[in-house]
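A short write-up of the structure that comes next.
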Amino acid sequence: QMQLVESGGGLVQAGGSLRLSCAASGRTFRTYAMGWFRQAPGKEREFVAAISWSGGNTYYADSVKGRFTISRDNAKNTVYLQMNSLKPEDTAVYYCAERNYYSGSYYYSNDYDYWGQGTQVTVSS
């Protein structure tokens, strides 16, 4: 089974930066895209960013556009999320996910096939 492991979460003051990493291990038929989602207590899981594995095309939620940058290292099977100008509203558990099929959406969690355990990001005011 494919396994995704996130790291890099922590506590940071508003305006600060963090970089999250997600390393994939195990066999997969093919990776078409990887994404980041987040979930805060009492809120629905929401899309943050995604990247196509071959071409590197990127997609962002409006709430993070201009502040977050997603990137990937294909050789290391790793996806990154650089988070700058962090706000208290960014506080959540962040999950990485992998999609294995051409069909589906970058934006919807149900179209991803494998999920990491999550890493906590807390932004203080």
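The values are calculated or read from the model by the stated rules, or taken from the named source; none is laboratory data. What you see is a predicted model, and the numbers here were worked out from it, not measured in a lab. Counting neighbours? That spans all protein chains shown, and the Cβs are built from the backbone with ideal geometry, glycine included. Heavy atoms of the whole protein, side chains included, go into the accessibility calculation; ligands, DNA and RNA do not. Shrake-Rupley method; radii C 1.70, N 1.55, O 1.52, S 1.80 Å.
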| task | Could you go through the stretch 65-77 in sequence order and give the Karplus-derived ³J(HN,Hα) for each residue, using 6.51 cos²θ - 1.76 cosθ + 1.60 with θ = phi - 60°, rounded to whole Hz, and x for Gly and Pro? | result | 4, x, 10, 9, 9, 9, 8, 9, 10, 4, 5, 9, 6
| Per residue, in Å², the accessible surface of the chain once ligands and nucleic acids are set aside, probe 1.4 Å | 54 Å²
| remark: With the label point 7 Å along the Cα-to-beta-carbon line of SER124 and a cut-off under 17 Å to each amide N, the hits in the stretch 1-35 are 9-18
| Restricting the stretch 1-102 to GluC sites (Glu not before Pro) in coil, as DSSP defines it, with at most 15 other Cβ within 10 Å | GLU44
| query | Exactly which chymotrypsin sites (Phe, Trp or Tyr not before Pro) in the stretch 2-36 are in a DSSP loop and have at most 10 other Cβ atoms within 10 Å? | reply | PHE29
| remark: The rounded separation in angstrom of the Cα centers of the stretch 1-42 and the stretch 52-81 is 11 Å
| said: Given an 8 Å cut-off on Cα distances and at least 6 residues of separation, report the relative contact order of the chain as a percent. | reply: 36 percent
| request: Please report, in Å, the Rg and the Dmax of the chain, where both are computed over Cα atoms only. | output: 13.6, 43
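How much length, in nm to one decimal, is gained on full extension between SER85 and SER17, taken as 0.36 nm per residue of separation minus their Cα-Cα distance?
23.9 nm
Quantify, in whole percent, the carbon and sulfur part of the accessible surface of the chain (1.4 Å probe; protein heavy atoms only). Show your work: numbers first, answer last.
Values: 3000 of 6730 Å².
Accessible surface attributable to carbon and sulfur in the chain totals 45 percent.
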